[in-house]
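Notes for the one structure printed next.
The values are calculated or read from the model by the stated rules, or taken from the named source; none is laboratory data. Quantities reported herein were computed from a predicted structural model and do not represent experimental measurements. When we count neighbours, we look across all protein chains shown, and the Cβ atoms used for this are built from the backbone with ideal geometry, even at glycine. Accessible surface areas use protein heavy atoms only, side chains included; no ligands, DNA or RNA. Shrake-Rupley method; radii C 1.70, N 1.55, O 1.52, S 1.80 Å.
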Amino acid sequence: MHRRVLVTKIVVAVKYVPDATADRTFSADNTVDRAGVDGLLSELDEYAVEQALQTVEAGDGEVVVLTVGPDQAADAVRKALQMGADSGIHVQDDAIHGSDAFATSEILAKAIEKVGDYDLLFFGMASTDAGLGVVPTLVAERLGLPAVTFASEITVDGDTVKIRRDGDVATQEIEGTGKLVVSVTDQTGEARYPSFKGIMAAKKKPVEEWSLADLGLDAGSVGLDNAWTKVESFEPRPPRTAGEIVTDEGDGGAKLVEFLASKKFV
């Protein structure tokens with residue numbers, strides 16, 4: 001739900017991820033192979049873009065999309081612009097390759113500081129490739145901002161943001177004011193599909209490209225060699241084996257219970 005708002009600029013951080021339906025692999029350095037598989041805007045980030053668009057449409061403002069990644073990451077920005085975002089920023093530098101969540105949060109925070117005149121920061125709850133869900137709060141910590149996370153509903157009223165967070169056994173209502181970080185879940189509502197008009201309009205929208213030097217960051221502080229977390233090894237998921245057929249000779253129910261018990265399902 002979005003009321004009349006005072007927001008003038010929302011920055012949405014998005015990520016370019018490998019298509020989850022494709023056969024994903026790792027490179028020789030144990031990082032995800034992003035060149036050998038099709039990629040796209042992370043589905044969970046689409047919900048963040050949607051909520052940002054709804055917020056500014058309820059008032060008056062603009063949505064800036066920010067991504068960090070290789071050449072292909074421009075596709076994620078383009079998709080957000082086609083949805084209706086006003087402009088994009090693509091942080092690209094060879095030294096970023098292999099950066100973990102901590103380094104990524106530093107790059108995002110520096111880029112957001114360079115944007116400067118923002119009111120709110122929106123994130124998806126997690127990326128669909130890593131699934132950590134920690135980047136929004138890491139960025140908030142670096143910027144010294146409060147964070148309201150895992151929102152399934154957002155209400156913006158003046159400079160106050162209220163969210164509803166739905167857990168397994170309880171629902172929380174959380175409120176924050178002023179500049180803050182908001183992360184949203186896939187329960188906030190379907191993200192819009194780009195219209196033909198939106199696709200054509202996106203071609204004329206500005207996209208800035210920034211390097212680490214533009215952000216005042218040393219390449220030695222990011223990248224695989226400086227990552228706090230790394231993939232040590234990987235192996236392909238084993239193929240599915242044939243299932244077990246239980247012939248019902250009057251005791252099918254008992255055999256089924258016995259099988260489920262052997263697998264500790266009951």
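Tallying residues that are among the aliphatic types (A, V, I, L, M), more than 23 Å from Val222 (Cβ to Cβ) and at pLDDT 95 or above within the stretch 54-102 yields 5. One residue stands out among those in the stretch 62-99 that are surrounded by fewer than 21 Cβ atoms within 10 Å (Cβ to Cβ) and acidic (Asp, Glu): the one that is nearest to Ala202 (Cα to Cα), which is Asp86. Evaluation of Ala22 against the conditions (1) of a type in the set (Gly, Ala, Ser); (2) within 13 Å of the chain's Cα centre (by Cα); (3) open to solvent by 30 Å² or more (accessible area, probe 1.4 Å) shows that the sole unmet condition is (2). Among the residues of the stretch 161-175, those identified as open to solvent by less than 80 Å² (accessible area, probe 1.4 Å) and either basic (Lys, Arg) or more than 18 Å from Val56 (Cβ to Cβ) (or both) are Arg164, Arg165, Asp166, Gly167, Ala170, Ile174. Taking the stretch 47-69 as the search range and keeping residues that are under 19 Å from Ser105 (Cα atoms) and not hydroxyl-bearing (Ser, Thr, Tyr), which one is farthest from the chain's Cα centre (by Cα)? For the stretch 47-69, the residue satisfying everything is Val64. Residues in the stretch 221-252 that are within 30 Å of Ser27 (Cβ to Cβ), open to solvent by 80 Å² or more (accessible area, probe 1.4 Å) and either out of contact with any strand residue (DSSP E or B) (no Cβ under 6 Å at 6 or more places or on another chain) or acidic (Asp, Glu) (or both): Asp225, Trp228, Lys230, Glu232, Ser233, Glu235, Pro236, Arg237, Pro238, Pro239, Arg240, Thr241. Within the span defined as the stretch 193-204, every residue fails to be surrounded by 11 or more Cβ atoms within 10 Å (Cβ to Cβ) and within 19 Å of Val135 (Cβ to Cβ).
Between Gly158, Gly144, Gly116, Gly178, the distinction of being open to solvent by 50 Å² or more (accessible area, probe 1.4 Å), over 18 Å from the mean Cα position of the chain (by Cα), of a type outside the set (Ser, Thr, Tyr) and at positive phi belongs to Gly144 only. For the stretch 132-155, filtering for residues that are touching a helix residue (DSSP H, G or I) at 6+ places or on another chain (Cβ under 7 Å) and assigned to a helix (DSSP H, G or I) leaves 5. Applying the set (1) at pLDDT 95 or above; (2) open to solvent by less than 20 Å² (accessible area, probe 1.4 Å); (3) closer than 30 Å to Asp29 by Cα to Thr137 leaves exactly one unmet item: (2).
Apart from one condition, Lys255 fits all of (1) farther than 30 Å from Val11 by Cα; (2) open to solvent by 100 Å² or more (accessible area, probe 1.4 Å); (3) not hydrophobic (A, V, I, L, M, F, W, C); the exception is (2).
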